[in-house]
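Okay, so here's the structure we're looking at.
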Amino acid sequence: MQSINSSILKTTPANRHDTVVILDFGSQVTQLITRRIREIGVYSELLPFNTPVADILKLRPKAIILSGGPASVIEKDSPRAPKEIFDLKIPVLGICYGLQTMCKQLGGKVVASQNKREFGRSFISINDAPSPLFNGIWEKNTKPQVWMSHGDSVVKIPDGFKVIAQNKSCPFAAIADEKRRFYGVQFHPEVVHTPEGKHILENFVLKIAGCRNDWTMASFKDEIIGLIRKQVGNERVICGVSGGVDSTVVAALLHAAIGDKLVCIFVDTGLMRHNEAEEVVGLFRDHFNIPLVHEDASELFLERLKGITEPEQKRKIIGKTFIDVFEGTTAKTGEAAFLAQGTLYPDVIESVSHTGAPSSTIKSHHNVGGLPEKMNFKLVEPLRALFKDEVRALGLHLGIPEKFIKRHPFPGPGLAIRIPGDITPEKLSILRKADAIFIEELHSAKLYDETWQAFAVLLPVRSVGVMGDSRTYDYVLALRAVTSVDGMTADYAALPHEFLGRVAVRIVNEVKGISRIVYDITSKPPGTIEWE
Ligand code: XMP
């Protein structure tokens, strides 16, 4: 499995713009820090907490942020920041666990606070002494809302630090050593539940660290194209396209970088949505004029998936079959040394296991974890450093039509992970029809763009119904729609009841094989967006 260390950007110093390095102690919201900093217009990268300082310096950071994390600094062998970072004379901001390890490493004291654990919304008091960290945001003696999540508490701060905010259960809610430009906040400024959080990060990055906010997608596009050329040289690259935003952007980037050294393959897995194959082939041939090999491998995929019910096993089989098909195709179209993947930053972060950066593995995404260990391709993953909305912005810069840019994400394993239990051609056909109706209705009600993702899931459950005068005994279908910014967390979409009612009536009437519709109202966490 790849580690976040292998982001392609790290092959070159990011010297065209100022960079902020975030050291990841494994909090599930760490990547949000990266996002916020980039939203401010400053490039930022997330590195495992134990990255050697020499590697950190290669990025020439103008500031370092220590993230939160699930460990307790009191535990033996709990993670620490490389101690040299405190001698680099660059500003450091510790968040939650990051604050605690900074305190501990610089001579303060942290204890487990049995009675004063704090999770969720909280209010802090801003102290008298003004700090540049809160400049223009929080006045002295106010009580702003923040988001806390901690069990341990700092009880003594290191020499040189002062308290700049506090509350009853957290006397050191924010601390500062203004001279060394070291700051610590016990709360999470990166989450929206700390309403002014982004301004605090802005103060830290722009005012305290003096970063220029000139990082734009246009400049980044040229940088990525340069890096692709450097990585692949004169070799051919094979790129699987699915019609999803990610693979479309990857293909357009590679085309811009290496022209006809790129071979695009559309693999019809038999797990695609209604009309998908025609639309994708049309986009590549007619709009981009990028040659596309269309492989119909549906029989092979369905044969290998026959009787398989375990979700991870489905993903692994699909990942392996993709590679087999790619290898078969390149045997016909000419050898390719590289395989392009539309892996995104969140895929990378979610798939990193506990040993490097301590973020826990949730699903092995086909993009990353589902690929077999042994394959004859080296990977080129030009979107590895980007979040979904950044990929969309990049896609627009590359001239991809808005209709494709705005398409909901569709997972590599396709409908296979939207049919819990075994997959059959009959179930696929039922699901395709129901899904198409749901999506069509979302478009007509102008709700499609309001949702991050919406789809139908065919459940392995039958229920009794009555149609006309006869009894039916058919499948239950779940409708799923979520709002999200990047897929890492999501809320179920509160679609109007009468809209849902209309969709349900249409599906039960028009799709033979479905007798009942339910709406999934689980958010992520604790659920995931897909059912498998
Ligand atoms: P979950 O279900 O993990 O999904 O909350 C988060 C986002 O990722 C998509 N997803 C995948 N994309 N290969 C992909 O390319 C996969 O194996 C995969 N699994 C989930 C999912 O559709 C959602 O947008």
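The values are calculated or read from the model by the stated rules, or taken from the named source; none is laboratory data. Note that this is a predicted model, so its numbers are computed, not measured. Ideal geometry is used to build each Cβ from the backbone, glycine not excepted, and the neighbour counts take in all protein chains shown. Accessible surface areas use protein heavy atoms only, side chains included; no ligands, DNA or RNA. Shrake-Rupley method; radii C 1.70, N 1.55, O 1.52, S 1.80 Å.
Can you name every residue in segment 415-426 that is surrounded by fewer than 19 Cβ atoms within 10 Å (Cβ to Cβ) and in a helix (DSSP H, G or I)?
PRO425, GLU426
Just checking, does segment 403-410 include any residue being over 15 Å from the mean Cα position of the chain (by Cα), within 16 Å of the ligand (Cβ to nearest atom), of a type in the set (Lys, Arg) and open to solvent by less than 40 Å² (accessible area, probe 1.4 Å)?
So far as segment 403-410 goes, yes, one or more of its residues are over 15 Å from the mean Cα position of the chain (by Cα), within 16 Å of the ligand (Cβ to nearest atom), of a type in the set (Lys, Arg) and open to solvent by less than 40 Å² (accessible area, probe 1.4 Å).
Of the residues in segment 486-512, how many are closer than 28 Å to LYS314 by Cα and in contact with a Phe, Trp or Tyr (Cβ under 6 Å, 6 or more places away or on another chain)?
1
Quick one: what pairs do we get from segment 61-86, first residue in the same structural domain as PHE204 (by TED's automatic domain parsing), second open to solvent by 80 Å² or more (accessible area, probe 1.4 Å), C-beta under 6 Å, 6+ apart or different chains?
Pairs that qualify, where the first residue is in the same structural domain as PHE204 (by TED's automatic domain parsing) and the partner is open to solvent by 80 Å² or more (accessible area, probe 1.4 Å), are VAL73/LYS104.
Mind checking which residues of segment 370-399 are at pLDDT below 75 and open to solvent by 10 Å² or more (accessible area, probe 1.4 Å)?
LEU371, PRO372, GLU373, LYS374
Could you check segment 516-532 and list, in sequence order, the residues that are surrounded by 17 or more Cβ atoms within 10 Å (Cβ to Cβ) and away from the ligand (no atom under 16 Å from the Cβ)?
ARG516, ILE517 - these are the residues of segment 516-532 that are surrounded by 17 or more Cβ atoms within 10 Å (Cβ to Cβ) and away from the ligand (no atom under 16 Å from the Cβ).
Does at least one position in segment 477-496 carry a residue that is at pLDDT 95 or above, over 25 Å from LYS524 (Cα atoms), more than 16 Å from the ligand (Cβ to nearest atom) and not assigned by TED's automatic domain parsing to the domain that holds GLY342?
No: zero hits.
Against the conditions (1) within 12 Å of the ligand (Cβ to nearest atom); (2) modelled with pLDDT under 85; (3) more than 14 Å from the chain's Cα centre (by Cα), where does ASN367 fall short? Just the number, please.
(3)
Got a number for residues in segment 486-515 being open to solvent by 50 Å² or more (accessible area, probe 1.4 Å), outside any helix (DSSP H, G or I) and within 29 Å of GLU426 (Cα to Cα)?
Residues that pass the stated criteria total 2.
If you scan segment 326-348, which residues turn out to be crowded, with 19+ Cβ neighbours inside 10 Å and in a helix (DSSP H, G or I)?
The answer is PHE326, THR329, THR330, TYR345, ASP347, VAL348.
Please find, within segment 181-195, the residue that is most open to solvent (accessible area, probe 1.4 Å) out of those that are of a type outside the set (Gly, Ala, Ser) and closer than 15 Å to SER131 by Cα.
ARG181
If the Cβ limit is 6 Å and pairs must be 6+ apart or interchain, which residue in segment 519-532 that is outside the structural domain of ALA434 (by TED's automatic domain parsing) and in a strand (DSSP E or B) pairs with which residue that is among the small types (Gly, Ala, Ser) and near the ligand (Cβ under 10 Å from one of its atoms)?
Sorted first by the residue in segment 519-532, then by its partner, the pairs are LYS524/ALA490.
Taking into account only those residues within segment 141-164 that are open to solvent by 100 Å² or more (accessible area, probe 1.4 Å) and over 15 Å from ALA176 (Cα atoms), which is modelled with the highest pLDDT?
Of everything passing the filter in segment 141-164, LYS143 is modelled with the highest pLDDT.
Check ALA71 against each of (1) part of a loop (DSSP other than H, G, I, E, B); (2) modelled with pLDDT of 95 or more; (3) of a type in the set (Gly, Ala, Ser) and name the one condition it does not meet.
(2)
Of everything in segment 371-402, what is aliphatic (A, V, I, L, M), within 14 Å of the ligand (Cβ to nearest atom) and part of a helix (DSSP H, G or I)? Give them in sequence order.
VAL391
Within segment 123-135, how many residues are over 13 Å from GLU196 (Cα atoms), under 34 Å from the mean Cα position of the chain (by Cα) and surrounded by fewer than 21 Cβ atoms within 10 Å (Cβ to Cβ)?
2
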